[in-house]
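One structure is given here, and the rest of the page talks about it.
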Amino acid sequence: MAGDKLTLVFFVDALGWEIARELDCFRDIAPYSYRQRTVLGYSCAAQPTILTGLMPDVHGHWGMFYRTEHSELSELRCLRFLPKTVSSHRRFRRPLLSYHRKHTGFTGYYNFYRIPFHLFEEFDLIEKRDIYAPGAFASGARSIFDHLADGCVPYQVWTWKNELDEGFAELETAVRGDPEMRFALHYTPYIDAFLHGHVGDREAVAGAVALIEKKISRVVELARKTRADVDVIIFSDHGMAETTGEHDVMKTVMGLSLRQGRDYHVFYDSTMARFWFESPHARDTIISALEKLDCGATLSDDDLKREGVFFDDNRFGEVVFLMNPTKLIVPSYMGGKAPRGMHGFSPEHKDSYAMLAASFRVDPEPTHIRDSFRVMMQAVGLQAATTLEKDSGSSGPDGTISDANRETAA
Ligand SMILES: [Zn+2]
């Protein structure tokens, strides 16, 4: 292993393959680019897959919230009597979130969005620990950070906790002043936030991507002046689709003379509604109502298994209704209005695909976001030594268990 080698990884949330290709991003610093299939779900599923090389049904993170009888969020229930004008307001929810973080010590990424407070009695958070640090997964899944720590590879990481300019400035300082550092990962949610509001506005999107590209290029140039050998890897977790319609699934379900909490339980994400049932009658009634909707479809267990998101304890839902690409559930527990852009549709939709660009040719070619893990491991000279064992449900979308999933010596 070359002592002077530095691997620079830039994780640009939501910079999908389509937009990156259209704008011909990173041509000079990372000319080898690859289209990567994402996982069904949101960043809270995709990021763990990138960091561990495992599918959600193996690393254990799919939805941000899962259903349980022992929710560690249950004390938030006491806020259920607040008037909606107060409880759904940003000026209330933001400080509440910072207070909650301090009070619980949860270091993972989460948000209460517009989730009714009484639901926290039965819904708990999956990402309680920072996934950008070792030891994050209750399933025992090991991420790139566990491998870096075990291999005593000096590394630094910047995440959603850092402001954009601050993160890049600190990274530049580290590149200049930390000759020991061999791996640096810089994550930014900037493009994700921008595209939610501006996808489809070609000029505005080009400007935002150019801003990030400039910041990344500066770091790479600086590194190449001070280090003999610099590998650059840039990737995303999913793309962004321009939304074209919405349906009030909540209203459809509430019109069925069943009672939420007594007959059924539901979590409304922006593109998925996840259901649990208390009786066969409730199950049949809801499924037949969902089947009449032409804005989406319920997924079979086989669909979920194929996507690597099937959990036999149903913690993320017994039945999952997925909206058609570009159509949103509005209102949902995520928001009351449809944003211009959204992700979380079928991974097969063209705007769902993620990208990976590297300064070197990657062999074998990465085709799925879980391959980003392998690319990082190879670049830093580590081999995947996954300790997590799981039954046959652990296969990926193509029916094979990823290489990173197999036990090999480090
Ligand atoms: Zn997003």
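Things worth noting here:
- Screening LEU164 on (1) hydrophobic (A, V, I, L, M, F, W, C); (2) away from the ligand (no atom under 16 Å from the Cβ); (3) open to solvent by 10 Å² or more (accessible area, probe 1.4 Å); (4) more than 16 Å from the chain's Cα centre (by Cα) shows it passes everything except condition (2).
- Among the residues making up the range 4-33, those that are in contact (Cβ under 8 Å) with a residue 24 or more places away in the chain, away from the ligand (no atom under 16 Å from the Cβ), closer than 28 Å to THR226 by Cβ and not aliphatic (A, V, I, L, M) are ASP4, LYS5, THR7, PHE10, CYS25, PHE26, ASP28, PRO31, TYR32, SER33.
- Output for the range 170-188, where each listed residue is without any contact (Cβ under 8 Å) to a residue 60 or more places away in the chain and in contact with a Leu (Cβ under 9 Å, 6 or more places away or on another chain): LEU171, GLU172, ARG176
- Selection over the range 198-211 of residues that are hydrophobic (A, V, I, L, M, F, W, C), part of a helix (DSSP H, G or I) and within 15 Å of the ligand (Cβ to nearest atom) gives a count of 2.
- Single condition MET334 does not satisfy, out of (1) touching a strand residue (DSSP E or B) at 6+ places or on another chain (Cβ under 7 Å); (2) crowded, with 21+ Cβ neighbours inside 10 Å: (1)
- Identity of the residue in the range 338-377, under 20 Å from LEU8 (Cα atoms) and of a type in the set (Ser, Thr, Tyr), that ends up nearest to the ligand (Cβ to nearest atom): SER372
- Long-range neighbours under 7 Å by Cβ, at least six apart or interchain, first residue more than 18 Å from MET323 (Cβ to Cβ) within the range 282-296, second at pLDDT 95 or above and open to solvent by less than 30 Å² (accessible area, probe 1.4 Å): ALA282/LEU258; ALA282/ASP263; ALA282/TYR264; ARG283/PHE277; THR285/LEU258
- Selection of the range 179-197 for residues being of a type in the set (D, E, K, R) and either buried (at least 21 other Cβ atoms within 10 Å of the Cβ) or within 16 Å of the ligand (Cβ to nearest atom) (or both) yields ARG182, ASP192.
- Of the numbered criteria (1) at pLDDT below 95; (2) more than 18 Å from ASP130 (Cβ to Cβ); (3) open to solvent by 40 Å² or more (accessible area, probe 1.4 Å), the one ARG21 fails is (1).
Every residue, every condition in (1) open to solvent by 20 Å² or more (accessible area, probe 1.4 Å); (2) part of a loop (DSSP other than H, G, I, E, B); (3) under 26 Å from ARG274 (Cβ atoms), yes or no:
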position: CYS78; (1), (2), (3): yes, no, yes
position: ARG91; (1), (2), (3): yes, no, no
position: PRO95; (1), (2), (3): yes, no, no
position: GLY140; (1), (2), (3): yes, yes, yes
position: VAL157; (1), (2), (3): yes, no, no
position: PHE168; (1), (2), (3): no, no, no
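- Against the test of being out of contact with any Leu (no Cβ under 8 Å at 6 or more places or on another chain) and either without any contact (Cβ under 8 Å) to a residue 12 or more places away in the chain or under 20 Å from TYR66 (Cβ atoms) (or both), the options GLY105, GLY167 yield a single qualifying residue, GLY105.
- Residue check, LEU51 closer than 19 Å to SER236 by Cβ, more than 16 Å from the ligand (Cβ to nearest atom) and open to solvent by less than 50 Å² (accessible area, probe 1.4 Å): yes
- Residue selected from the range 337-372 under the condition within 14 Å of the chain's Cα centre (by Cα) and part of a helix (DSSP H, G or I), by the criterion surrounded by the most Cβ atoms within 10 Å (Cβ to Cβ): SER372
- Test: ILE233 is outside any helix (DSSP H, G or I) and either crowded, with 17+ Cβ neighbours inside 10 Å or away from the ligand (no atom under 16 Å from the Cβ) (or both): yes
The values are calculated or read from the model by the stated rules, or taken from the named source; none is laboratory data. Predicted model, so just to flag it, every value in this text is computed and none were measured. Note: ideal-geometry Cβ built from the backbone for every residue, glycine included; neighbour counts use all protein chains shown. What goes into the accessible areas is simple: the full protein's heavy atoms, side chains included, and nothing from ligands, DNA or RNA. Shrake-Rupley method; radii C 1.70, N 1.55, O 1.52, S 1.80 Å.
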